[in-house]
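Here, each number is a calculation from the coordinates, and none is a lab measurement. Given the structure is predicted, the values throughout are model-derived calculations rather than measurements. So basically every Cβ, Gly included, is an ideal-geometry build from the backbone, and we count neighbours across all protein chains shown.
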Amino acid sequence: METTELTVNGKSHRLEADSRVTLLDALRNHLGLTGTKKGCDHGQCGACTVIVEGRRINSCLTLACMHDGDAITTIEGLGEPGNLSDLQAAFVAHDGFQCGYCTPGQICSATAMIEEAKAGWPSFVSDDLAGPDALSDEEISERMSGNLCRCAAYPNIINAIRQVAGGQS
Amino acid sequence: MKPFAYARASDPADATAQAAADATFIAGGTNLLDLMKLEVMAPDRLVDISRLDLAEITETDDGGLRIGALVTNSDCAADVRVRQRYPLLSRAILAGASGQLRNKATTGGNLCQRTRCYYFYDTAMPCNKREPGSGCQAMNGFNRIHAILGASDSCIATYPGDMAVAMTALDAEVEIEGADGETRLVPIQEFHVLPGDSPEKDNILTAGDLITAVILPPPVAGKQIYRKVRDRASYAFALCSVAAVVEMDGGTIASAALAFGGLAHKPWRDEDVEALLVGKKPSAELFGKAADQLLAQAKGHGSNDFKIPLTRRVLMSVLQEATDTGAAA
């Protein structure tokens, strides 16, 4: 058993768990934060995306015990009913989902992705490595390619993200 | 996942000592944990190196860059010095994986990532890489993503990465600290190995060896291009990729460094192809000869036969772009 101190959505937790427990399973099964979803459990679908120390990662592909002392933000930490984050509200306004299973991962991913773009990070589709001035739909698609939506709500997901990121269609 | 003991390394010497005693390093973990869940890999002990002080990019005395082994793919691709001086490397990294994975994947770990051969991943199948001597199911099976160059009778797996392909064209060196505390530099072309009779070996690392950095030589003149062809527009491994650094002198090719991904068990480089180009005026005929040279020994295995003409076209297209000086024809 490993003892791990995690700060999740501003709250400290002391986790006692087997070394094999992924961050995803720790959040869902040990801390009861089931907003973060398990899709493929192999880093391919992005449903498990959370923000660790400011960076979006696949929580299924990392061990909880490797995150001792880390600050983690999950979908529950971004907003709540009556006090939605801008992206959460935009996903509702633009109908950016059907079944909703990928949505927490989409929103956590997009939240951090917008910060990456603000920091000037280029993407594979950026013409200039200096980074894009605004997030075009092509830029949003490329930067969000680690988040699959089996319902294929992609056009509305892009609309929601573009509204918050202030990009142009 | 099989049970394992977990320990955090306090410094590189501690890490190499634990690894010499049969522990497996974990840093980003994006490839290793995937393989452990499938029990393709089942280490008894993991030594966590993710907090070692190896996450800096620093200038070298001769004007190059030293990329610490724990610099994430995201940080390397976004580093202003890398973007300005080695755009090829930024482009190659950004062509791989997803934003989430690049935030975790490290420079050293990326060099060590395992093949995506379907049969290597499927423990119900024989695989000489996973279980030496058990056979190769890919050879006569579904082998769309497999090697056309440098394969052997025991393995036709490919090295799947993008980053190392760019580093190969840039003549990078891999800095390795051994269990004896000695640090050595290995040209990246010699880091990955061909499968031969021992496909279980991906690279030259031996027990206790810790990659501590990748050293990029001073930037070279010329156009840098990374072209990747894959089955999806994003988040897919290369069927064929070309990393090119080509310098023109007037109307002739002054120098050319070319590395290829998705074709072999390692990033592929062929000095004869480069020599054939240097000093010549660019033309479709010359590029065709370069492709002939590159693919002279190429061998398809059925589903991957298409890679031979595909590679020819990608190489010719990249050379066309790389040698286009913008002058009127």
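The dipole here belongs to the range A:2-76: it is taken about the Cα centre, uses +1 on the Cβ of Lys and Arg and -1 on the Cβ of Asp and Glu, and is about 300 debye. In this structure, the amide hydrogen of A:Val50, modeled 1.01 Å from its nitrogen in the peptide plane, lies closer than 5 angstrom to those of A:Ile57, A:Ser59, counting only residues at least 5 positions away or on a different chain.
Backbone amide hydrogens, once placed in the peptide plane, bring B:Thr60 within less than 5 Å of B:Leu65, B:Arg66, excluding anything fewer than 5 places away on its chain. On a per residue basis, the convex hull of the C-alpha atoms belonging to the range A:2-76 measures out at 73 Å³.
The helix-based estimate of mean residue ellipticity at 222 nm for chain B, built from -39,500 (n - 2.57) per DSSP H run of four or more residues and divided by its residue count, is -7500 deg cm²/dmol to the nearest 500. Across peptide B:26-38, the average count of Cβ atoms from other chains found within 10 Å of a residue's Cβ is 4.
The alpha-carbon atoms of chain B define a convex hull whose volume equals 132 cubic angstrom per residue.
Rounded, prolate or oblate: which fits the range B:1-96 when a ≥ b ≥ c are the square roots of the eigenvalues of the alpha-carbon gyration tensor, with rounded for a/c under 1.5 and prolate only if a/b beats b/c?
It is oblate, given that a/c is not under 1.5 and a/b is not larger than b/c.
If you plug the beta carbon distance of B:Thr123 and B:Ala7 into 1/(1 + (r/R0)^6) with R0 = 22 Å, you get a FRET efficiency near 0.25. Overall, the ratio between the Cα radius of gyration of the range B:5-47 and 2.2 N^0.38 Å, rounded to two decimals, is 1.14.
Sorted largest first, the principal axis extents computed over the alpha-carbon atoms of the range B:60-181 equal 48, 37, 26 Å.
Take the Cα of B:Asp14, step 7 Å toward its Cβ, do the same at B:Asp197, and the gap between the two points is 4.2 nm. For the protein assembly as shown, the pair-distance distribution built from all alpha carbon pairs, in bins 10 Å wide starting at 0, is 4, 19, 28, 28, 16, 5, 1, 0 percent.
A viscosity of 1.306 mPa s and a temperature of 10 °C, combined with the Kirkwood radius over C-alpha pairs in the Stokes-Einstein formula, give chain A a diffusion coefficient of 97 µm²/s. Across the range B:146-158, coupling constants 3J(HN,Hα) worked out from phi with the 6.51/-1.76/1.60 Karplus curve, θ = phi - 60°, read 8, 6, 10, 10, x, 7, 10, 5, 9, 7, 10, 5, 10 Hz, and Gly and Pro carry x. Dipole magnitude for the protein assembly as shown: about 1440 debye, using +1 per Lys or Arg Cβ and -1 per Asp or Glu Cβ, origin at the Cα centre.
Taking the C-alpha atoms only, the angle from helix A:103-118 to the longest principal axis of chain A is near 60 degrees.
For B:Ile26, nonlocal amide neighbours, meaning residues 5 or more places apart or on other chains whose placed amide H falls under 5 Å from its own, are B:Val47, B:Asp48, B:Ile49. Per residue, the Cα convex hull of the range B:223-322 amounts to 94 Å³. Relative to the longest principal axis of the Cα atoms of chain B, the long axis of helix B:307-322 lies at roughly 60 degrees.
Axis angle, to the nearest 10 degrees, between helix B:284-295 and the longest C-alpha principal axis of chain B: 30 degrees.
Charging the Cβ of each Asp and Glu at -1 and of each Lys and Arg at +1, and nothing else, the dipole of chain B about its Cα centre rounds to 1400 debye.
Semi-axis lengths, largest first, of the ellipsoid equivalent to the range A:88-140 are 25, 11, 9 Å, with √(5λ) applied to each eigenvalue of the Cα gyration tensor. Going toward the positive end of the dipole of chain B, with +1 on Lys and Arg Cβ and -1 on Asp and Glu Cβ, which of B:Ala157, B:Ala179, B:Val214 do you reach last? Comparing the listed Cα positions along the dipole, B:Ala157 ranks first.
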